[in-house]
Amino acid sequence: MAKVIVVTSGKGGVGKTTSAAAIGTGLALQGKKTVVIDFDVGLRNLDLVMGCERRVVFDFINVINDGIRLHQALIKDKRVENLYILPTSQTRDKDALHREGVEKALEELRQDFDYIICDSPAGIEKGAQMALYFADEAIVVTNPEVSSVRDSDRIIGILNSKSRRAELGQEPIRQHLLLTRYDVERVQKGEMLKLEDVLEILAIPLLGVIPQDEAVLQASNIGMPVVLDERSTAGQAYMDAVRRLMGEQLELRFVAPPKRGFMQWLLRRSA
């Protein structure tokens, strides 16, 4: 039976779709049959980030409302075995999502997959609440900025109160924090919040810290999840997060300034 994981954020532009694509791809690389679903109706981006936009014929909304079968809408990734994408519509609005249709689709997917990753719209409107309602776990994506952290705190409140698990009095959604675009130098200058400050405010377990890395934008521009770029620090950090999600204990990387060698120290002294 698959585990449903929602990737969510309070604020837009924090790297949520990038994170959903990277985590879904990383799980598939670990041998887990994984599907990533785009819940951002009208602003469809997941298929672009995952490089399959030209292969979209049917979408999630067609499955829910138009009698299209799931296997007709699912897109199998060409690069990674066990990875599938379920895109959403660019022409419909979020009212096309309804709880019964989403539940039916998820229940069918649960029978065939190990992980279902729900790429939620930012914020707390209907699409976001629909994406998190059936979740077993949640990855809350935030940047080390006050406004982003504040909005993430609000999302945590929604997760605790408006999910199916909350309504039925079941064990709460297991929550993880993913801190993206972490720039050590800016943190040291006081221009960004420290990791410890973010953890103190949000008070949920840390899944990973993704460093600021130009490779993220480059990967998105060519339709490749950055986790496939093994040389990039962001790709390595996302794979660490995936392994933690699966239960491994790993030390954090990329959260401290790189150690300088003796020659670098001399050059810095002489500058």
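The values are calculated or read from the model by the stated rules, or taken from the named source; none is laboratory data. Keep in mind that this is a model prediction, so the values were computed, not measured. When we count neighbours, we look across all protein chains shown, and the Cβ atoms used for this are built from the backbone with ideal geometry, even at glycine. We work out accessible area using only protein heavy atoms, side chains counted, and drop any ligands, DNA or RNA first. Shrake-Rupley method; radii C 1.70, N 1.55, O 1.52, S 1.80 Å.
Before moving on, here are some points about what is shown:
- Most mobile listed residue (R186, R150, R69) in the chain, GNM with C-alpha springs under 10 Å: R186
- Counting Lys and Arg as +1 and Asp and Glu as -1 over every other residue whose Cβ lies under 12 Å from the Cβ of R110, the net charge comes to -3.
- The chain: most fluctuating residue of M130, M246, M224 per GNM, C-alpha cutoff 10 Å: M246
- 3J(HN,Hα) couplings calculated from phi for the stretch 212-223 with the Karplus curve 6.51 cos²θ - 1.76 cosθ + 1.60 (θ = phi - 60°) are, in sequence order, 4, 7, 4, 4, 5, 5, 4, 5, 4, 5, 9, x Hz; Gly and Pro show x.
- Taking all Cα pairs closer than 8 Å and separated by 6 or more residues, the relative contact order of the stretch 126-208 comes to 36 percent.
- Local electrostatic count, L179, Cβ distance below 12 Å [Lys/Arg +1, Asp/Glu -1]: -2
- Average accessible surface for the chain: 49 Å² per residue, computed with a 1.4 Å probe over protein heavy atoms with every protein chain in place.
- Total formal charge among the other residues, if their Cβ is under 9 angstrom from that of I201, Lys/Arg +1 and Asp/Glu -1: -2
- Helix axis angle, 146-161 relative to the chain longest principal axis, alpha carbon, degrees: 40
- Heavy-atom surface analysis with a 1.4 Å probe gives the chain a carbon and sulfur content of 47 percent of its accessible area.
- Ordered by solvent-accessible area of protein heavy atoms (1.4 Å probe), largest first, the residues L48, L168, L70 come out as L168, L48, L70.
- As a length-normalised measure over Cα pairs under 8 Å and 6 or more apart, the relative contact order of the chain settles at 24 percent.
- The label-point distance for Q90 and M246, in a model that sets each label 7 Å from Cα toward Cβ, rounds to 3.4 nm.
- Residues considered: D119, D240, D93. Largest GNM mean-square fluctuation over the chain, using C-alpha springs under 10 Å, is found at D93.
- Extension gain from K33 to E167, taking 0.36 nm per residue of separation minus the Cα-Cα distance: 45.3 nm
- For percent of Cα pairs over 35 Å apart, calculated from these coordinates, the label among (1) 15; (2) 36; (3) 7: (1)
- Unit charges on C-beta of K, R, D, E only; dipole of the stretch 31-174, Debye: 180
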